[in-house]
1. Can you find a residue that is surrounded by 18 or more Cβ atoms within 10 Å (Cβ to Cβ) and under 15 Å from Ala127 (Cα atoms) anywhere in the stretch 66-73?
2. Have a look at Val112, Val97, Val87 and point out the one that is over 28 Å from Pro3 (Cα atoms), in the same structural domain as Arg52 (by TED's automatic domain parsing) and out of contact with any Lys or Arg (no Cβ under 6 Å at 6 or more places or on another chain).
3. Considering only residues that are part of a helix (DSSP H, G or I) and surrounded by 15 or more Cβ atoms within 10 Å (Cβ to Cβ), which ones fall in the stretch 4-15?
4. Would you mind finding the one in Leu149, Leu169, Leu82, Leu142 that is surrounded by fewer than 19 Cβ atoms within 10 Å (Cβ to Cβ), touching a residue at least 24 places away in the same chain (Cβ under 8 Å) and either small (Gly, Ala, Ser) or not assigned by TED's automatic domain parsing to the domain that holds Asp13 (or both)?
5. If the Cβ limit is 7 Å and pairs must be 6+ apart or interchain, which residue in the stretch 37-51 that is closer than 15 Å to Ile8 by Cβ and crowded, with 22+ Cβ neighbours inside 10 Å pairs with which residue that is modelled with pLDDT of 95 or more and of a type in the set (Phe, Trp, Tyr)?
6. Being more than 17 Å from Pro83 (Cα to Cα) and in contact with a Pro (Cβ under 7 Å, 6 or more places away or on another chain) is the filter here, so list the residues in the stretch 101-138 that pass it.
Amino acid sequence: MHPVHIGIVMGSDSDLPIMARAAAMLDYFQVPYEVRILSAHRSPDAALDYARKAAGRGLKVLIAGAGGAAHLAGVLAAVTTLPVIGVPIHTAALGGVDSLYAMVQMPRGIPVATVAIDGAANAAILATQILAVHDSALQERLATYKEELAREVAAKDARLAQLGIKGYLGEEKK
């Protein structure tokens, strides 16, 4: 069993469909992780305890997803020296802008790297890149992933050249 390197934390189980995208990306890169539901507001003691003990348990990066008054990432960052990546979750009331502002407007000294609203996959990629600084196997997997992205774009470009705009758009609907 590999040691767990990434902690994926969310404020509510309603965030799980989005945060599962981070887990899927970490699975792709073969990076071990754990997943927890810890609320900055409803279970603050548990959230703080988790963050305080994370480095001592071998975690290297925390990914925190939350919506609305999205304080989880900041609360974790306040008590750990580990990098914290925030995933603002889309909300019905304000479309996730509330979540985004709560994460990016951190005070000096308590940084939270923040990805796009519902950007859990990018959070996992960023966490993998952080780990890859000292892991050549992870660097290779990231390079392969970037090559796959480039091949996908080239295939779409070739299909557009072949079908034209109307043909391409008609094909996309199928």
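1. Yes; the residues of the stretch 66-73 include at least one that is surrounded by 18 or more Cβ atoms within 10 Å (Cβ to Cβ) and under 15 Å from Ala127 (Cα atoms).
2. On the way: Val112 fails: over 28 Å from Pro3 (Cα atoms); Val87 fails: over 28 Å from Pro3 (Cα atoms).
Residue meeting the stated conditions: Val97.
3. Asp15
4. Numbers: Leu149 fails: touching a residue at least 24 places away in the same chain (Cβ under 8 Å); Leu169 fails: touching a residue at least 24 places away in the same chain (Cβ under 8 Å); Leu82 fails: either small (Gly, Ala, Ser) or not assigned by TED's automatic domain parsing to the domain that holds Asp13 (or both).
Answer to the check: Leu142.
5. Pairs that qualify, where the first residue is closer than 15 Å to Ile8 by Cβ and crowded, with 22+ Cβ neighbours inside 10 Å and the partner is modelled with pLDDT of 95 or more and of a type in the set (Phe, Trp, Tyr), are Leu38/Tyr50.
6. Within the stretch 101-138, Ile117 is the sole residue that qualifies.
The values are calculated or read from the model by the stated rules, or taken from the named source; none is laboratory data. On a predicted model such as this, the values are computed, not experimentally measured, just so you know. Here Cβ is always computed from backbone atoms with ideal geometry, including for glycine, and neighbour counts include all displayed protein chains.
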